[in-house]
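The structure appears right after this line, and notes come after that.
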Amino acid sequence: SIVEHAPLSSEFMKNTAGNQEAVTTASMSMSDLPYYFKKMNQMKKKYASDLLIHIGFEVDYLIGYEDFTRDFLNEYGPQTDDGVLSLHFLEGQGGFRSIDFTAEDYNEGIVQFYGGFEQAQLVYLAGVKQSIEADLGAFKPRRIGHISLCQKFQQFFCADGRDFSAEVIAEFEAILALVKKRDYELDFNTAGLFKPLCKETYPPKEIVTLARALEIPFVYGSDSHGVADIGRGYNTYC
């Protein structure tokens, strides 16, 4: 599956703060879409005898901008084979802030805004729940991406590298219950293993165990942002 980051709402982008590189590099632009579909469909045909290639988007769940996302999916969803719905931005200091750009940016814009790492975790997980329940139309992705992305910089904030309180575990359990209820699937994302302040899959082992007990399906993803990233961790974890 090739699921490039879908364009962000221009209105949303006006309401972002912090390091603007986190926003400008987060997605393709609307003007990229014709070339993206043309190139991907050329690849599908070129390698059809060797590979089944799916084309789609990793769609950002933008809190408060659901109408934009629904309209986008209604227009471009019919051209896709696959998709992931992910949360990368939360309202924070000065506007919407990226949660996964740098530890310092996350700390300044999100963690301090909400009063601590645990509070930021809970806000992120509440946003994931909201994304699962959101009405984004018939082409809403059924796979929820990296539900523990809020842990990307966990070793920056936690001396032992982990801080899952009972409240945080309860929020993960609530997410899993909603995924099960909706008959959705989860992204088993190995990118976190290679992040120096995370060093775990998204989600980590104990959350995977809870999900498997509910018979929630996982789909492996290397979350590749370059050729060297493709297939990372597959032979070890899948």
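Tabulated data
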item	result
Of all accessible heavy-atom area on the chain, the percent that carbon and sulfur account for (1.4 Å)	51
Where Cα atoms sit under 17 Å apart: lysine pairs in the stretch 2-236 separated by 8 or more or lying on different chains	10
Accessible area in square angstrom per residue, the stretch 1-101, 1.4 angstrom probe	50
Volume per residue that the Cα convex hull of the stretch 141-238 spans, once the total is divided by residue count, Å³	101
Burial ranking of peptide ranges 133-140, 7-14 (average Cβ count within 10 Å, highest at the top)	7-14, 133-140
Relative contact order computed over the stretch 181-228 (Cα-Cα under 8 Å; 6+ residues apart), in percent	48
About the Cα centre, charge dipole magnitude for the chain (Lys/Arg +1, Asp/Glu -1 at Cβ), debye	720
For the chain, calculated [θ]222 nm from helices alone, where every DSSP H run of n ≥ 4 adds -39500 (n - 2.57)	-10500 deg cm²/dmol
Kirkwood Rh and Cα Rg combined as Rg/Rh, the stretch 74-187	1.00
Calculated FRET value between S224 and A159, using beta carbons and R₀ = 22 Å, to 0.05	0.10
Overall dimensions of the stretch 10-126 as given by Cα atoms, namely Rg and Dmax in Å	17.0, 54
DSSP bridge pairs, the chain: antiparallel proportion in percent, nearest 5	20
Values of log10 I(q)/I(0), in the order q = 0.14, 0.15 Å⁻¹, for the chain under a Debye, Cα-only, solvent-free model	-0.93, -1.09
Distance between modelled label sites at M30 and L214, nm, 7 Å Cα→Cβ extension	3.6
Shape category assigned to the stretch 1-69 from the gyration tensor of Cα positions, a/c cut at 1.5	prolate
Extension reserve of the H54-Q20 stretch, reckoned as 0.36 nm per residue once the Cα distance is removed	9.2 nm
10 °C / 1.306 mPa s Stokes-Einstein diffusion coefficient of the stretch 59-140, Kirkwood radius on C-alpha pairs, µm²/s	117
Theoretical FRET efficiency, 1/(1+(r/R0)^6), r = Cβ-Cβ of N74 and A166, R0 35 Å, to 0.05	0.30
Distance in nm between pseudo-label sites at Y237 and E173 (7 Å out along the Cβ direction from Cα)	2.4
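The values are calculated or read from the model by the stated rules, or taken from the named source; none is laboratory data. Owing to the predicted nature of the structure, the values given are computational and were not obtained by experimental measurement. In this analysis, Cβ positions are derived from the backbone assuming ideal geometry, glycine residues included, and neighbour counts consider all displayed protein chains. Protein only, heavy atoms only, side chains kept; ligands, DNA and RNA dropped before computing areas. Shrake-Rupley method; radii C 1.70, N 1.55, O 1.52, S 1.80 Å.
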